[in-house]
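The values are calculated or read from the model by the stated rules, or taken from the named source; none is laboratory data. Remember, it's a predicted structure, so these values are computed and weren't measured experimentally. Please note: Cβ atoms are built from the backbone with ideal geometry, for glycine as well, and neighbour counts cover all protein chains shown.
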Amino acid sequence: MSWPCGAADYVSHLAKNLHQAGHHVEVITSNPNIKPESWPFKVEVVLGNWGLGHLFRIANKIKRQNFDLIDFQYEAGMFGYRGASLLFPFFMYPKKIPLFLTLHSQDLPRRGGRLWRPLQVLPYDGLIFYSKQFHDRIFRWFPRRAERFLVQGFPSNILRPNDPSNQAPLAKIRTGFTHAQFLMTYFGHISAGRGIEDLLDVMKTFKVQYPGLHLILMSQFKPEEDDYQRKLLEWIRLNGMEKKISFTGRLSNEEVSRFLLASDICVLPFPDGASFKNGSLSAAIEHSLPVLTTVSPLTEPQLLASGALLTYDPAQKSQLSPLLAHLIDQPQSLAQLKIKAAAFRDELSWNKYIENRIHFYNRISLKRVGRTQVPSHVANPK
């Protein structure tokens, strides 16, 4: 599997880990590019646009089988911001199967907006939120549903390899760098409004003071097609920073992992702050990599309490330089962050995630249909 692709990539990891934990999993998808035979669990492609007719066909397929539960993966953009997909529970009537909804964003269908919110909550036996802030927002409207809610930050889709040849510090050599260099890595889209200009300003400020400092911009990079990326490249050339800043271009998950292992710190200057929704942050923690990032009301308390993050206010961009200088000048401070990141990695692992997920499935299913054992059949429509 190549570059991570959001909710769809998450579903493949969720299904794979449930399967490895001994549960029977089937995935129903409308993606015509999926090759069912390439997965260790059953994948069924049901072509359609998630309109009413499509939902009717999917529901009938499910009702003819003996599933213990259904976990519907919802991200409004995956369904073209149309509302029909949220009517899925009604197509399951009168079949009594515990229904779960995993929410991948706070977005709603464009037509109707917040009027759709009750249909994200009331028809489902259990809801799974990626952040506490989103959970708290829904809880204010539906306080009596609280015991049916679960907050789970997404684990990383980019896993740290067990191969010793990929471990740091060998990874630094294998990616073309030296041990003398301090590698600061940005992982995410290269586009306006993501704080990348702040990183360039820092590199210019520290050009002489820290000659070993190197910025890696890890992302797809096509300046010939993107005006913003072209202007970044021009700025780098005008300021003589070609040997200080590297663009990786599109990478496989294995290559992303190698660069993360080679890095000394991950810097994510996003204006909206760190959160579990951010796949770059999860990937850094999976690789026990300390993160220098922004904090906002969206940042979960669990992230802040982990000690793996060094944070600053995105409205105070001037804080970035002294924080980075401190980590370069004080290796022991960076080492402490790495220790805490490694400990936090265990909390965000897929094993822990699946363990908590199964416990939630079981608790809610027992209430729904009076089962006395952990569900073993899971359908994941997406």
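Does L101 meet the test of being without any contact (Cβ under 8 Å) to a residue 60 or more places away in the chain and in contact with a helix residue (DSSP H, G or I) (Cβ under 6 Å, 6 or more places away or on another chain)? Judged against the criteria, L101 is not a match.
Scoring K277 on the criteria (1) charged (D, E, K, R); (2) modelled with pLDDT under 90; (3) surrounded by fewer than 15 Cβ atoms within 10 Å (Cβ to Cβ); (4) under 24 Å from V11 (Cβ atoms) leaves a single failure, condition (3). The criterion of being out of contact with any Lys or Arg (no Cβ under 8 Å at 6 or more places or on another chain), in a loop (DSSP other than H, G, I, E, B) and hydrophobic (A, V, I, L, M, F, W, C) holds for L251. Of all the listed residues (M218, M241), the sole one being within 22 Å of T311 (Cα to Cα) and in contact with a helix residue (DSSP H, G or I) (Cβ under 9 Å, 6 or more places away or on another chain) is M218. Checked against (1) part of a loop (DSSP other than H, G, I, E, B); (2) in contact with a Pro (Cβ under 7 Å, 6 or more places away or on another chain), F72 passes all but a single condition, namely (1). Evaluated against (1) under 24 Å from the mean Cα position of the chain (by Cα); (2) of a type in the set (A, V, I, L, M, F, W, C); (3) not in a loop (DSSP other than H, G, I, E, B), L159 falls short on exactly one condition, (3).
Answer yes or no: is there a residue in region 253-263 that is in the same structural domain as L324 (by TED's automatic domain parsing), surrounded by fewer than 20 Cβ atoms within 10 Å (Cβ to Cβ) and either in contact with a helix residue (DSSP H, G or I) (Cβ under 7 Å, 6 or more places away or on another chain) or touching a residue at least 24 places away in the same chain (Cβ under 8 Å) (or both). Yes, there is a match, as at least one residue in region 253-263 is in the same structural domain as L324 (by TED's automatic domain parsing), surrounded by fewer than 20 Cβ atoms within 10 Å (Cβ to Cβ) and either in contact with a helix residue (DSSP H, G or I) (Cβ under 7 Å, 6 or more places away or on another chain) or touching a residue at least 24 places away in the same chain (Cβ under 8 Å) (or both).
Among the residues of region 15-29, write down those that are surrounded by fewer than 18 Cβ atoms within 10 Å (Cβ to Cβ) and either among the hydroxyl-bearing types (S, T, Y) or touching a Ser or Thr at 6+ places or on another chain (Cβ under 9 Å) (or both). Passing the criteria: G22, H24. Looking across region 37-57, the residues that are in a helix (DSSP H, G or I) and more than 24 Å from the chain's Cα centre (by Cα) come down to E37, L52, G53, H54, L55, F56, R57. Of R250, R230, R194, all but one fail to be without any contact (Cβ under 8 Å) to a residue 12 or more places away in the chain and outside the structural domain of D107 (by TED's automatic domain parsing); the exception is R230. Could you go through region 287-303 and let me know if any residue there is part of a helix (DSSP H, G or I) and surrounded by fewer than 15 Cβ atoms within 10 Å (Cβ to Cβ). Checked region 287-303: at least one residue is part of a helix (DSSP H, G or I) and surrounded by fewer than 15 Cβ atoms within 10 Å (Cβ to Cβ).
Residues of region 264-293 that are charged (D, E, K, R) and in contact (Cβ under 8 Å) with a residue 60 or more places away in the chain: D264, K277, E286.
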